[in-house]
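Notes follow once the structure below has been shown.
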Amino acid sequence: MQNNEKKYADGDIIFREGGVSSSAFMISSGQVELLKNAPVGQDGGFVRLELLSAGAIIGEMGIFDNSARSTTARAVGLVTLDVIEHEGFLTSIKEQPDVALSVIGNLAERLRNSNEMTLHSSSLNSPNHASKLATLSVGPRKLAGGQASLWDSIRSLFIKSPGKRRLLEFRVARLAGDKDGTQTNFLVRSLSNRPELHVKAYNESLPIENTGYRSAAFLQSALTIGRQWLAKDKADLLIWGDVNEVGTVIHLRFITQAGDADHPGRFLISDRLAIPTNFGPEFSKLLYAVSVAAITPRTETQRSLIKPLLLPALESAQQTRQELPHELMLQDQNTIQVCYGNVTALIGYHMSDSNWLTKAADAYQEVIDITSKDTDPIAWANVQLHLCRIRQGLGERANDPEVLQKTIDILREILEVYTLGDFPWEWGSIQTRIGSALYRLDSLNGATELLKESVVAYQSALRVFSKIGSPLRWSDLKHNLGQVLQVWGDLSRNPKILERAVLTCQEALQVRNRLETPMLWAATQNNLGSALFLLGRLSRDSEHLEGAAESFGRALEIYNSFGAARLSRVTDRNMAKAEKLLRTRVARRASKIYWKEGVDAFETKLTKSERDQIFRNEIRNHSAA
């Protein structure tokens, strides 16, 4: 791909919204802000969409169709750009399709951000907000004058290269009970008309012993074998299941590649979808939406490309939820409701939109109201866990102790069904959630016992997620555990607990590193700095304070380079505190003045709970980054 270098000074306009485009740019050094013209009637001139740093690509639309620039790009400080010309990029697509996927991923994500920013700034109060959002999403459509839209251009890349790997690879195992393969082939045909999908059927069912249709052993066996099949074919999703004995209903389940993410909308091993045999177009749309939502993306590029598929898919599948088929039993109808909730929750998670999350929670609650733990424990636990994911997030965002406590209570009840022996991943994820909720609840209620319970929950989760098997999840747990330990250690004035906090953060840094996970690495460096600062303040050891200042400095460097202004301010303040205390200690040592440890006059006027709350606030301010 041919390119040349251009340099810009602070404030220089690289290109303007509405201008002619024929090239893209890769940021070699410096930072660039992307701006959108503010809606008529609003002050300020521009709406800032995002700030990009070295390695990012801007102006991608210009290398697709020479269309007008959709944003304005302005240099922040001294900036050096590599220019990517239109013809050179098209040649590169033909020779290296992965290059196209990388650029398309950036473009799809930026378009989504632009849509959300525009909507939030101009039409949040519009009654047609949801429909406008669907229109702005990168669904297939034509622009004025018959010009192809972005999504049409992206889809055409897959259509024109049938021999190349599609965006998504689906596999369908032969359905148990489908003697002539009719329903299996019907499933494949219903999904095969999507140009971004490549769907292939296996001639055999999953070779698993039927120890009970919904038993844990049955599901775990299917998961293990299914992932082996996916790995062999390098596929994204395996759809499997059975046709009921009377041949009227298909029960489907979904297996994706291993992933440790635990967020609203993520499918569980116990999720399933029931649809009628020989289903019509409306169920094809539902099947497509659910299948895409069930995928664990292989790369960030694929994640960026999947996001825009979800909203149009959900919009087109609305009818099946509103008009549930009467031939399905109640428990089968519930699976449609839960899967609809999963897709809705995933959209809300990707968009950080509480309205979508609330819609998903309402869908889950409708199922919970008619589902009994005694008669169908796995179905009950399944939908309760989905709801708890949303409830916990909303409770933390609103700082609502009642919601958090209710979430903790239900999560503990779910553990009676999702046991360590039967559902290890779910058990470990629930323990992680309990640890997080207890830590947040302590900050609101000021009950130190909650910190101890949080430590126990995180340590329990570490029984499932190991450094070798789940390195990123393991490092997340170590990071969070270190945060809880430093609060507990400082409140109890216990250097041993603070030393454990330091060690735990250092262990997290064995996985989190500056090159591959810079922001996570910086967060743990900040966490480590806070633990060392607290230990140095308590032990009067200057080496700990020196280590704290160094850790804060490392975190600050990353935050500055990524333009994370708020995190930079917090970390800079933390570093200043450590350096100030260190200078004070050094000055005392140099002048040989030894101060007797005493009780601060300020503290004598406060109760213990009031002093503890002051310490909690101080520690969390340190750890905010």
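Please give the contour-minus-distance gain from residue 193 to residue 565: 0.36 nm per residue of separation, less the Cα-Cα distance, rounded to one decimal in nm.
Numbers: separation 372, 0.36 × 372 = 133.92 nm, distance 4.59 nm.
The span from residue 193 to residue 565 would gain 129.3 nm if fully extended.
Computed with a 1.4 Å probe on the full set of protein chains, the accessible area for residue 279 sits at about 10 Å². Simple spin-label estimate for residue 492 and residue 68 gives 6.5 nm between the two label positions (7 Å along the Cα-to-Cβ direction from each Cα). Cα centroids of the range 493-513 and the range 273-334: 44 Å apart.
Calculate, for residue 543 and residue 419, the FRET efficiency according to 1/(1 + (r/R0)^6) with r their C-beta to C-beta distance and R0 51 Å; round to the nearest 0.05.
0.65
Within the shell of other residues whose beta carbon sits under 12 angstrom from the beta carbon of residue 190, the net charge comes to +2, with Lys and Arg scored +1 and Asp and Glu -1. Computed with every protein chain present, the accessible area of residue 519 is close to 70 Å² [probe 1.4 Å]. With a threshold of 22 Å on the Cα-Cα distance, the over-threshold entries among 234/285; 234/478; 452/478 are 234/285; 234/478.
By how many nm would the segment from residue 448 to residue 53 grow when fully extended, if each residue of separation counts as 0.36 nm and the alpha-carbon distance is taken off?
138.0 nm
With a simple spin-label model that places each label point 7 Å from the Cα along the Cα-to-Cβ direction, the separation between residue 231 and residue 362 comes to 4.3 nm. Neighbours of residue 425, meaning other residues whose beta-carbon lies under 10 angstrom from its beta-carbon, give a summed charge of -2 when Lys and Arg score +1 and Asp and Glu score -1. For the pair residue 6 and residue 37, label points projected 7 Å from Cα toward Cβ lie 2.0 nm apart. One chain, two ends: residue 580 and residue 204. Fully extended at 0.36 nm per residue, the span grows by 128.4 nm beyond their Cα-Cα distance. Per residue, the range 175-245 exposes 51 Å² of solvent-accessible protein surface, assessed with a 1.4 angstrom probe and all protein chains in place. Computed with a 1.4 Å probe on the full set of protein chains, the accessible area for residue 403 sits at about 40 Å². In terms of packing, defined here as the mean over residues of other Cβ atoms within 10 angstrom, the peptides 353-361, 530-538 line up highest first as 530-538, 353-361. Among the GluC sites (Glu not before Pro) in the range 371-460, those placed in a DSSP loop whose Cβ has at most 16 other Cβ atoms within 10 Å are 416.
Under a model in which nothing but the beta-carbon of Lys, Arg (+1) and Asp, Glu (-1) is charged, the range 266-420 shows a dipole of about 600 debye around its Cα centre.
The values are calculated or read from the model by the stated rules, or taken from the named source; none is laboratory data. If you're wondering where the values come from, they're calculated on a predicted model, not measured in any experiment. Here Cβ is always computed from backbone atoms with ideal geometry, including for glycine, and neighbour counts include all displayed protein chains. Accessible surface areas use protein heavy atoms only, side chains included; no ligands, DNA or RNA. Shrake-Rupley method; radii C 1.70, N 1.55, O 1.52, S 1.80 Å.
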